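Structure, as structure tokens:
The values are calculated or read from the model by the stated rules, or taken from the named source; none is laboratory data. Model, not experiment: these values are computed from the prediction. In this analysis, Cβ positions are derived from the backbone assuming ideal geometry, glycine residues included, and neighbour counts consider all displayed protein chains.
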Amino acid sequence: MFSLAGNSSWRSVSSVYGKIDTLLLTYPGGAGEVTFDMVKKRYGPMFLAFGDRVKFVILVNLKFDGGKNKFRRLAREARESFEGALRDSHLVPHHHVICVPSPLSFSNLKARKLKISPKYNHSEWAQDAFAVLNRPDGTTALLEPIYQLHSFNAMVAEQVASATGILIKPTRLHLEGGNLLVGDDYAFVGRNLLERNRLEISHEKGGRPVMDREVISLMKKELGVHYLYFIGQRKEISFVVDVPQGKEKFQPVFHLDLFLTLGCKNAEGAEVVFLAEVREEFIFDQDQDRKTKFLQEFRAALNKIARQFKKDFPKLPGPRFELKRFPLPIQIDDKGKAILYSYNNSQVEWFMGIKRMYLPCYRPPDLDNGPFIKAEKEIKNTLDGLGFQSTFVDNAFDRYVERNGSLRCLTKVLKRTYFN
């Protein structure tokens, strides 16, 4: 049955509070070889931006046909490529962890038991495979869903745990890191996850209807927070164009971190939250009628979320919120697909009065870069006013947004240091 014994000593690692100590990167599976140029192009700007303030844990899956000797050679070359890229960014390689796990084909018994292909490859989206918990004594655990929403993430937690010694804590809840934002004692969860978990719990309880409060109670226990808020609507949302919403469509976009960012506390102690905002000057579409209709629809969906912060959440126990907006450029391609250039997809840290935000920088070659430069100046001014150091990471993220991800999707905070 669906029974979760929550452990109050475990708490979710915050999405904002504490110094970022350790970041996970997952080099996507399927590469037959990994060269210095490949690593430098993909991660070099991030190595420079985060610098020696963080320790990188880098997980690399190789795809190859051959025996152990060939694998050892390719694994050695992959490690040397990452070491070279780290040195080129003025970092010391042995301060970081580079893990190239053996393919499952070397353990056919395990592959048969898991009923998965020996050629198993994870994705580049490090954010989603698990949530991260810690305890006051500094122990860290990976909260891994037993039933992964995406099969290619099924072995990521095990490989990270093997490389780092971090514990694994299984959960029967569906979780995705990109649909989960954690403050100090509260969490925002995308409504898509509520609906997915409601259906799963109902199924395990013989089809009995499941109320929101039951899912909220279970998620609070697992995440170790006192307050939990669902972001999205009770009815499915639709748009005139193809927006990446996922299977469930109760959110404007399938992951919260593409349109919502946690910031800091203001002078009155309220939590500052950055919500995406769409404006005509940031919408790229040759079809003016479609552009106008989409702008109305998407703006309405985001404004309903703004109302949650301004009207609904103040009626509930927990922290108070102050809402600020980040511009969200969107391109509509020839097939009617929306490509989101999200600045919300960022990493944030706040400790001992130091506030930093690492944001993606976009310069798509086929679009006018003027609106992107204007958006970045606007965001920088907003962050400057709050005392943030803002770093726009120049990593050609425009090639990732076509696959519906950006900076935060590519990285996962495994450890933060909290200063009392």
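Name the residue, out of PHE282, PHE309, PHE230, that is farther than 18 Å from TYR343 by Cβ, touching a helix residue (DSSP H, G or I) at 6+ places or on another chain (Cβ under 7 Å) and among the hydrophobic types (A, V, I, L, M, F, W, C). Let's see the steps before the verdict.
Working: PHE282 fails: farther than 18 Å from TYR343 by Cβ; PHE309 fails: touching a helix residue (DSSP H, G or I) at 6+ places or on another chain (Cβ under 7 Å).
After ruling out the rest, the residue left standing is PHE230.
Any chance you could count how many residues in the range 284-305 are within 24 Å of the chain's Cα centre (by Cα) and over 16 Å from LEU181 (Cα atoms)? Explain how you work it out, then say what you get.
Keep residues of the range 284-305 that are within 24 Å of the chain's Cα centre (by Cα), which gives 298-299, 301-305.
Narrowing further to those that are over 16 Å from LEU181 (Cα atoms): 298-299, 301-304.
Within the range 284-305, residues that are within 24 Å of the chain's Cα centre (by Cα) and over 16 Å from LEU181 (Cα atoms) number 6.
Going by the structure shown, is LEU262 closer than 20 Å to CYS409 by Cβ and among the hydrophobic types (A, V, I, L, M, F, W, C)? Step through it out loud before you land on a result.
On the way: closer than 20 Å to CYS409 by Cβ: yes; among the hydrophobic types (A, V, I, L, M, F, W, C): yes.
The answer is yes for LEU262.
Give the residue that is surrounded by the most Cβ atoms within 10 Å (Cβ to Cβ), with candidates limited to residues of the range 305-325 that are touching a Gly at 6+ places or on another chain (Cβ under 9 Å) and assigned to a helix (DSSP H, G or I). Quick ask: steps written out before the conclusion?
Quick first cut of the range 305-325, residues touching a Gly at 6+ places or on another chain (Cβ under 9 Å) only: 305, 308, 319-320, 322, 324.
Next cut, assigned to a helix (DSSP H, G or I) only: 305, 308.
Values: ILE305: 23, GLN308: 19.
Checking each candidate, the answer is ILE305.
Residues being in a loop (DSSP other than H, G, I, E, B) and touching a residue at least 40 places away in the same chain (Cβ under 8 Å): count how many of those fall in the range 250-267. Break it down stepwise before answering.
Residues of the range 250-267 in a loop (DSSP other than H, G, I, E, B): 250-255, 259, 266-267.
Okay, now just the ones that are also touching a residue at least 40 places away in the same chain (Cβ under 8 Å), so 250-255, 259, 266.
Number satisfying all stated conditions: 8.
Within the range 331-362, take every residue that is buried (at least 17 other Cβ atoms within 10 Å of the Cβ) and more than 19 Å from the chain's Cα centre (by Cα) and give me the one that is farthest from ASP184 (Cα to Cα).
Step one: of the range 331-362, the residues buried (at least 17 other Cβ atoms within 10 Å of the Cβ) are 331-332, 338-350, 355-362.
Then keep just the ones that are more than 19 Å from the chain's Cα centre (by Cα); that gives 331-332, 338, 355.
On the way: GLN331: 35, ILE332: 37, ALA338: 33, LYS355: 15 Å.
Ranking the qualifying residues of the range 331-362, first place goes to ILE332.
Scan the range 379-413 for residues that are among the charged types (D, E, K, R) and part of a strand (DSSP E or B) and jot them down. Break it down into steps so the answer makes sense when it comes.
As a first pass, look at the range 379-413 and keep what is among the charged types (D, E, K, R): 380, 384, 394, 398-399, 402-403, 408, 412.
Passing the criteria: only LYS412.
Which ones in the range 19-42 are of a type in the set (Ser, Thr, Tyr), within 12 Å of LEU410 (Cβ to Cβ) and modelled with pLDDT of 95 or more? Quick ask: steps written out before the conclusion?
Pass one, the range 19-42, residues of a type in the set (Ser, Thr, Tyr): 22, 26-27, 35.
Cutting the leftovers down to within 12 Å of LEU410 (Cβ to Cβ) gives us 26-27.
None - no residue of the range 19-42 is of a type in the set (Ser, Thr, Tyr), within 12 Å of LEU410 (Cβ to Cβ) and modelled with pLDDT of 95 or more, so the list stays empty.
Mind checking which pairs have a first residue in the range 206-233 that is in a strand (DSSP E or B) and a second that is surrounded by 14 or more Cβ atoms within 10 Å (Cβ to Cβ) and among the small types (Gly, Ala, Ser), Cβ under 6 Å, 6 or more apart or different chains?
TYR227/GLY318; LEU228/ALA187; ILE231/GLY190
Which of the residues spanning the range 165-177 are outside any loop (DSSP other than H, G, I, E, B) and surrounded by 19 or more Cβ atoms within 10 Å (Cβ to Cβ)? Walk me through how you get there before you give the answer.
The first filter runs over the range 165-177 and keeps only residues outside any loop (DSSP other than H, G, I, E, B), leaving 167-171, 177.
Once the filter is applied, which keeps residues that are outside any loop (DSSP other than H, G, I, E, B) and surrounded by 19 or more Cβ atoms within 10 Å (Cβ to Cβ), the range 165-177 yields THR171, GLY177.
Is it the case that some residue within the range 366-376 is within 27 Å of ASP242 (Cα to Cα), among the β-branched types (Val, Ile, Thr), at pLDDT 95 or above and surrounded by fewer than 16 Cβ atoms within 10 Å (Cβ to Cβ)? Can you show your working first?
Initially, the range 366-376 is screened for residues within 27 Å of ASP242 (Cα to Cα), giving 366-376.
Of the ones still in play, those that are also among the β-branched types (Val, Ile, Thr) are 373.
Keeping just the survivors that are at pLDDT 95 or above gives 373.
Then keep just the ones that are surrounded by fewer than 16 Cβ atoms within 10 Å (Cβ to Cβ); that gives 373.
Scanning the range 366-376, I find at least one residue that is within 27 Å of ASP242 (Cα to Cα), among the β-branched types (Val, Ile, Thr), at pLDDT 95 or above and surrounded by fewer than 16 Cβ atoms within 10 Å (Cβ to Cβ), so the answer is yes.
Looking at (1) at pLDDT 95 or above; (2) under 18 Å from the mean Cα position of the chain (by Cα); (3) not charged (D, E, K, R), which is the one condition that is false for ASN395?
(1)
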